[in-house]
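Please read the structure below before turning to the comments.
The values are calculated or read from the model by the stated rules, or taken from the named source; none is laboratory data. The structure presented is a predicted model; accordingly, all values stated were derived computationally and were not measured. Every residue, glycine as well, gets a Cβ built from its backbone with ideal geometry; the counts of neighbours run over all protein chains shown.
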Amino acid sequence: MDGRRLPQSVDQLCSMIRSKNAGTAMLTFDLIARDRASFDRLIGSGCLAESVVAELYGLQPEEVSVYAVEDILAIKITVPRAYSTGAPDDRDVYGCQQAAPIGGLPV
Amino acid sequence: MRVLSVSGFLGYGFPESSFRSAISQKPDAIVCDAGTNDAGPFYLGSGASMTSQEACRRDLWLMLEGGHALGVPVIVGSAWTAGTDQGVDTLAELVRAWSAEKGISVRLAKLYSEISATQLCDLYERGNLELMGGESMALTRESIEEVSRAVCAMGATPIMRALDEESDVIIAGRASDAALTAALPLVRQAPPGFAWQAGRILECGACAAEPADTADCLMTEVRDDGLTVWATNPKLRCTAESVAAHMLYETPHPYVFREPEGTLDTRDVQYEQHSSGSVLIRGNARFIPGDRYSMRVEGVRSRGYRSIALGGVRDPALIRNGAEGMRVVRSETIKRVEEMFGSQSSSWMLRVLLYGVDGVLGDRESEETDACHEIAVLLDVVARSQEEADAILALARAHVVHGDFPGRLNINAGNLAFPFSPSDVPVGEVFEFLPAFVVNCDSPWNLVRMEVMDIPGTGGEIQSGGRARGRS
């Protein structure tokens, strides 16, 4: 270690973090790591494990799908929506403001 | 062969310079998606469009002009946002108006894919409806019976058939975004994997470019050994990263894409920077044909009527300690409203959303709000009728404005700054999507209907070509 602090949260390791609807019933998070080392750390640390994401969004681990796309250093996470897009109880019709809790996860 | 996607959405207003440049590169088809479910169930429920008729006319007329100049087909899918039958007719009317204005005859194919609640119930009873993977809600006969409008998302097959009819213009109801671009390469025997991947990349205009711009043009050339994509606006460039990243966009899986005709699998595809602004895609883009023709169904049912009011809070006594004062006012308001209208149930609901506190994430919010000095309060009521929603909102608004809380200094003044009068806004009917499911058929023509007609270009009546097929 050279004394510099390693990035402590998921968003510090990413060049892109977004959430978006995937159809009317699913929400998907796309993350692209800054570089290979950041990608390896995001995957290797287990900070984006199904169980972690499930707890964050009030879901069961089996409802969470996490995909690592190594060649483009991307991680895709797909979860069911709490409500279908635009249903009376929904708060985010486009599903585009849901990624902050994932970005803030400690690595 | 080349396909041009002018924009991610008809009526977003693609730059004419990008379009003219694209036309000079001689595409073999000009396509544009005109629909989405992303903006929620209102558009399917009401039949309204997200973009204006004037904006759709401008974009469509430019496409028609380009298509006519090159003698190539113009393909528009998911007409009028939701892809209803009426939406197809609305865009078809814009085609007729262009034909009359320019004195140019047009062979027009209209593809309808609306499906009735009765048809859906019948398909449900026969076991032809299948919940999509990841859908957590159940599909019941009761929920299907309540459907006020539903559409099937057709694939490439109906569009290919319309191309076989030598249509100049194809206006499709709800359709797979990718099918619009894939159809022409498929007709010309391109490898299906590359045809469908071209469709996936072009579905959102120049979103796959850098910087991403949904309101701009993207071109593809599909060949036997791969495909190339590039933006025709010199300010945009496609990079291997931007194109690969776009394949992730709005899709549940990073490289498996379900289409009505089968499944596209792009896991063994490579993205190479070809020139400064274009990307070459090679490798093994697999397309695995499905056993049945599976169309995604989008259906909505009415959930009542909405009224809202929006106000701002700047009183520190309401905001401090994590907006403790405002939370007290909120729970007291809900209590008082339930005293008059009964407990909240499926017949009505009241939300008091606190923006600046937890308005977006609700229970999932973990940030402290102590640092904020201003919050927005949204009162949101959904009830069985507009009158009932208005009545509940009026009561809720009164209690939020005048509610007491610990540490109050604004005695009897008011808790909300309203930016306008009246504060209460009737919003209209509220819809809800059915769970996501597909309908499995032997052929798209079980549910999709095609009408081909020759518009004479003299402003006269439309001559029906008598080539209707599909359900009668």
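Here are some notes:
- Where B:D168 falls short, out of the listed (1) touching a Lys or Arg at 6+ places or on another chain (Cβ under 9 Å); (2) surrounded by 23 or more Cβ atoms within 10 Å (Cβ to Cβ): (2)
- Against the test of being among the polar types (S, T, N, Q), in contact with a Cys (Cβ under 7 Å, 6 or more places away or on another chain) and modelled with pLDDT of 95 or more, the options B:S113, B:S99 yield a single qualifying residue, B:S113.
- Only residues that are more than 7 Å from chain B (Cβ to nearest Cβ), over 10 Å from the mean Cα position of the chain (by Cα) and buried (at least 20 other Cβ atoms within 10 Å of the Cβ) were counted across region A:56-78, and they come to 2.
- Strands (runs of 3 or more DSSP E) (entirely within region B:46-135) containing at least 3 residues that are β-branched (V, I, T): B:74-81
- Among the conditions (1) more than 10 Å from chain A (Cβ to nearest Cβ); (2) assigned to a helix (DSSP H, G or I), B:D363 misses just one, which is (1).
- Hits in region B:29-45 (condition: within 9 Å of the chain's Cα centre (by Cα) and more than 9 Å from chain A (Cβ to nearest Cβ)): B:A34, B:G35, B:T36, B:Y43
- Taken as a whole, the structure places B:I288 among residues that are closer than 30 Å to B:A195 by Cα and touching a residue at least 24 places away in the same chain (Cβ under 8 Å).
- Criterion: in contact with a Lys or Arg (Cβ under 6 Å, 6 or more places away or on another chain) and within 11 Å of another protein chain (Cβ to nearest Cβ) - qualifying residue of B:G304, B:G277, B:G283: B:G304
- Number of residues in region A:79-107 that are more than 7 Å from every other protein chain (Cβ to nearest Cβ), crowded, with 20+ Cβ neighbours inside 10 Å and β-branched (V, I, T): the value is 2.
- Conditions (1) assigned to a loop (DSSP other than H, G, I, E, B); (2) within 14 Å of chain A (Cβ to nearest Cβ); (3) at pLDDT 95 or above; number of the one not met by B:T251: (3)
Residue-wise test of (1) over 30 Å from A:V64 (Cβ atoms); (2) in contact (Cβ under 8 Å) with a residue 24 or more places away in the chain; (3) aromatic (F, W, Y).
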position	(1), (2), (3)
B:T214	no, yes, no
B:R223	yes, yes, no
B:T232	yes, yes, no
B:P252	no, yes, no
B:V256	no, no, no
B:E261	no, yes, no
B:G277	yes, yes, no
B:S294	no, yes, no
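- Flag if B:F431 is in a loop (DSSP other than H, G, I, E, B) and touching a Gly at 6+ places or on another chain (Cβ under 7 Å): no
- Selection within region B:286-301: residues that are basic (K, R) and touching a helix residue (DSSP H, G or I) at 6+ places or on another chain (Cβ under 8 Å). The member of this set that is farthest from the other protein chains (Cβ to nearest Cβ) is B:R286.
- Region A:23-37 - residue that is more than 14 Å from the chain's Cα centre (by Cα) and surrounded by 15 or more Cβ atoms within 10 Å (Cβ to Cβ) and, of those, nearest to B:S136 (Cα to Cα): A:A25
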